[in-house]
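Notes follow once the structure below has been shown.
The values are calculated or read from the model by the stated rules, or taken from the named source; none is laboratory data. Predicted model only: the values in this text are computed from it and were never measured. Here the Cβ positions follow ideal geometry from the backbone for every residue, glycine too, while neighbour counts run over all protein chains shown. Remember, those area values only see protein heavy atoms, side chains included, never the ligands or the DNA or RNA. Shrake-Rupley method; radii C 1.70, N 1.55, O 1.52, S 1.80 Å.
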Amino acid sequence: MNEELENQLYFLRNFVVEGFENYMIDKILVCENLKTKSVIFVYLKNYGKNWQKYFLDAGVGFWEDTETINYSDLGDIEDDENFIFKDYSNKFNIIDNEISKIFCEQNEKNSQIVIELKNRKKIILRCINSEVFDSECEIVYE
């Protein structure tokens, strides 16, 4: 993916998101299903960059530059009462951590989106059961 992400949506099993190396994480917000606790999508904010939205669906990864979304408006973006936004920035203790690489790769019958940090930790959005096509998602920090 060598093109600029601005105003574009990418979806594939394998891709690299370029242009985020050495940028520090400001926030990571997760939209979860209230009933199942499954991750629906994730918003990532880096200092000096637009909000980024990413998610998994139908076995592939999606990444989108969301241009100018206001942080205060994020809760209103998805008007379904079954969803809730949670701030994982402090939960994962990732504020001000530098990114080394962002990519999507195949994970059995699905995909996973990985944000590798300079401290060798990873933020991974993946299907809970990677052997079941399009299963519910989780986000982990390892």
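In table form, for the structure just shown:
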read-out	value
Single residue of F11, F41 found to be in contact with a Cys (Cβ under 8 Å, 6 or more places away or on another chain) and modelled with pLDDT under 95	F41
Matching residues, the stretch 29-48, being open to solvent by 50 Å² or more (accessible area, probe 1.4 Å) and within 21 Å of E18 (Cα to Cα)	Y47, G48
Residue in the stretch 52-66 that is surrounded by the fewest Cβ atoms within 10 Å (Cβ to Cβ), counting only those that are touching an Asp or Glu at 6+ places or on another chain (Cβ under 8 Å) and assigned to a loop (DSSP other than H, G, I, E, B)	A58
